[in-house]
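Structure, as structure tokens:
The values are calculated or read from the model by the stated rules, or taken from the named source; none is laboratory data. Values in this document were obtained by computation on a predicted structure and should not be read as measured data. FYI the Cβ positions are ideal-geometry reconstructions off the backbone, even for glycines, and counts take in every protein chain you see. Heads up: the accessible areas ignore ligands, DNA and RNA and are worked out on the full protein's heavy atoms, side chains in. Shrake-Rupley method; radii C 1.70, N 1.55, O 1.52, S 1.80 Å.
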Amino acid sequence: MTRSEGTTLIALLTIIATAIAGLVAAVSLGARDDAGAVVAAEETAVVAPTPEPVTQPLERAAMNSINGTEVPAASDTWGGFEHIRSWEGELTVWQGSPAQLILGPGGNWFPAGQPGCGDGAHLITFTAAEGEPLTAQLADALGTPVRTGNHATGWMLADDCHLPYVQLADEAGSAQVSYTVHEYQPAGR
């Protein structure tokens, strides 16, 4: 159970306990009319709404997707994954040049697409300075794009078998792209 689910459960139990205590007090003490006579209390059923499960935005996102919507918060855990590390960086992309691989921690190779992949996930956010349009891609280990999206600012959710790329879309010149990567592995590993 996540921290937010536990907090929601405690709050719900507190509300139910308070309602029951108030109902018991009203029945025990009785209610009086303006003349001071005891009036029988009506029985009232307290029906607590069924809480909807709290899901993280990342749990609702499709794996290996490219999105231009608001970037979800990088949580400590979601959907059976736990956060293990994050890094950020910048790169320059030029119009007409091949797509540029987003780098891994310390400017090294991105930690995906290796043999035995498929357990982990990466939340990758990207923003082009001055709002230049970018083409974001998720490619398989051979470099073949499997998803493409055009966004000046966006995010990708990828399993650890796919690599994230960006390139300038339909504009002359160059663009500075900043990115942040959050790496997740199955919880309990």
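General observations
- Residue list for the range 40-73, restricted to those being modelled with pLDDT of 90 or more and either among the small types (G, A, S) or in contact with a His (Cβ under 6 Å, 6 or more places away or on another chain) (or both): A62, N64, S65, G68
- Once the range 159-177 is narrowed to residues that are open to solvent by 50 Å² or more (accessible area, probe 1.4 Å) and in contact with a Leu (Cβ under 9 Å, 6 or more places away or on another chain), the residue that is farthest from A74 (Cα to Cα) is S174.
- Cβ-Cβ under 6 Å pairs, at least 6 apart or on other chains, the range 109-137 side at positive phi, far side part of a strand (DSSP E or B): G113/L163
- Of the residues making up the range 63-115, just one is in a strand (DSSP E or B), open to solvent by 50 Å² or more (accessible area, probe 1.4 Å) and within 18 Å of A139 (Cα to Cα), namely Q100.
- Set L134, L138: member being open to solvent by less than 30 Å² (accessible area, probe 1.4 Å) and over 20 Å from L58 (Cα atoms): L134
- Failed item in (1) at pLDDT below 85; (2) open to solvent by less than 50 Å² (accessible area, probe 1.4 Å); (3) under 22 Å from the mean Cα position of the chain (by Cα), with L123 passing the rest: (1)
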